[in-house]
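Some notes on the structure that comes next.
The values are calculated or read from the model by the stated rules, or taken from the named source; none is laboratory data. Just so it is clear, the model here is predicted, and its values are computed rather than measured. No Cβ is skipped: glycine too gets one built from the backbone with ideal geometry, and neighbour counts run over all protein chains shown.
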Amino acid sequence: MAKAEKQRAKKMTMVRAKKSFHHGDLREALIAATRELLIEHGPDGFTLADACRRAGVTTAAPYKHFRDKQEILEEIVARAFDQLKEQNARAVAERGSGTIEGISAMGISYLEFAVAQPAIFRLMFGDLKKSKKADEPGEECLKHVVEEVALYCRKNGHTADAQQVAVRLWTFVHGASSLELDGDYERVVPGLDVHNLIADVTPRLLGATSDIRAPRKKKGELRSDQCEG
C-alpha cells in the first residue's frame, strides 16, 4: 500500500506541479512536490531545495509564499485533516448521524484514511512539530467525533460525558490504525478484520450492546440498541 501511494503521488505530482507552475501557481506546485517527497522519503529525508528541484523552480522561489519547509509541511497536514474530516462526515451521512452505525463508520473511515496515506497520517500524528495551523483542523476532527457521540447520547438517554467517550473512541481507533499500519496485527493475529474489530468495539465504548458488523459489509440496515443504564 505504501509503495502504491508513492507511485501514485509521484505520477500525480509530476503532472500537477509542472502544470501549476506554468499557470503561475508556484505555491501549489511547491506543496505538491513536497508532498511527493514526503511520501517517498519521510519528513526528514529531503530538503526544501529538493522540493524546488522537483517542482522545477529556483531555490529562492519558496520564500515568496513560505518561511521554510516546516510551513509547507504544516499546510499539507492542515489539508489532510480537512480531508479526513470530510471523509468521516461522508461516512456518517451514509450510515446515520448520531447512531452506532454512523459512529462505527467514522472509525472505519479513519482507519481507511490511515492505510491509504500512511506517510501523511504519521506526519499528522507525531512527525511534525506543534503548530497552530496544523493543530486547529486536527481539533476540528475530534470535535466532530464529540458531536456525533453527544447526539447519540441524547437520542438514547445516555448521561455519560460525550467528550470522554469520544476520546476513548479516538484512542482505540487511532491505536488500531497504527497497529494495522505497522503490520503488528498481521504478525500477531494474521487475518484479523480490523474493520469488524472497530464495528464490534464501538458499541461497547458507547455503553451500548449491539451485534453489528463493519458498514462496508452492507448486509442490510442495522439498528442502534439502547444504552445500558
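Tabulated data for the structure shown
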read-out: Yes/no for G138 being under 25 Å from A199 (Cα atoms), in a helix (DSSP H, G or I) and either modelled with pLDDT under 95 or in contact with a strand residue (DSSP E or B) (Cβ under 6 Å, 6 or more places away or on another chain) (or both); value: yes
read-out: Residue list for the stretch 146-168, filter: in contact (Cβ under 8 Å) with a residue 24 or more places away in the chain and β-branched (V, I, T); value: V149, V165, V167
read-out: Within the stretch 58-87, tally of residues that are over 24 Å from R122 (Cα atoms) and either in contact with a helix residue (DSSP H, G or I) (Cβ under 6 Å, 6 or more places away or on another chain) or in a helix (DSSP H, G or I) (or both); value: 6
read-out: Flag for R223 being surrounded by fewer than 16 Cβ atoms within 10 Å (Cβ to Cβ), under 19 Å from the mean Cα position of the chain (by Cα) and modelled with pLDDT under 95; value: no
read-out: Selection count, the stretch 1-54, where residues are of a type in the set (G, A, S), modelled with pLDDT of 95 or more and not in a loop (DSSP other than H, G, I, E, B); value: 5
read-out: Scan of the stretch 157-185 for residues that are at pLDDT 95 or above, farther than 20 Å from K143 by Cα and out of contact with any Leu (no Cβ under 8 Å at 6 or more places or on another chain), ordered by number; value: S178, L179, L181, D182, G183, D184
read-out: From the options V149, V167, V173, residue that is under 25 Å from L123 (Cβ atoms), of a type in the set (A, V, I, L, M, F, W, C), buried (at least 17 other Cβ atoms within 10 Å of the Cβ) and touching a helix residue (DSSP H, G or I) at 6+ places or on another chain (Cβ under 8 Å); value: V173
read-out: Cβ pairs under 8 Å, 6+ apart, first in the stretch 37-65 and in the same structural domain as R27 (by TED's automatic domain parsing) and over 18 Å from A119 (Cβ atoms), second exposed (fewer than 13 other Cβ atoms within 10 Å of the Cβ) and among the hydroxyl-bearing types (S, T, Y); value: C52/T58
read-out: Test for S109: is it more than 17 Å from the chain's Cα centre (by Cα) and within 22 Å of A162 (Cβ to Cβ); value: no
read-out: Residue match in the stretch 123-142 (condition: touching a Leu at 6+ places or on another chain (Cβ under 7 Å) and either among the β-branched types (V, I, T) or not assigned by TED's automatic domain parsing to the domain that holds D193 (or both)); value: no
read-out: Residue within the stretch 115-133 that is of a type in the set (S, T, Y), part of a helix (DSSP H, G or I) and touching a residue at least 40 places away in the same chain (Cβ under 8 Å) present; value: no
read-out: Residue pairs meeting the criteria (Cβ under 8 Å; at least 6 apart or on separate chains; first closer than 20 Å to L197 by Cβ, in the stretch 82-104; second polar (S, T, N, Q) and part of a loop (DSSP other than H, G, I, E, B)); value: T99/S224; I100/S210; I100/S224; E101/S224
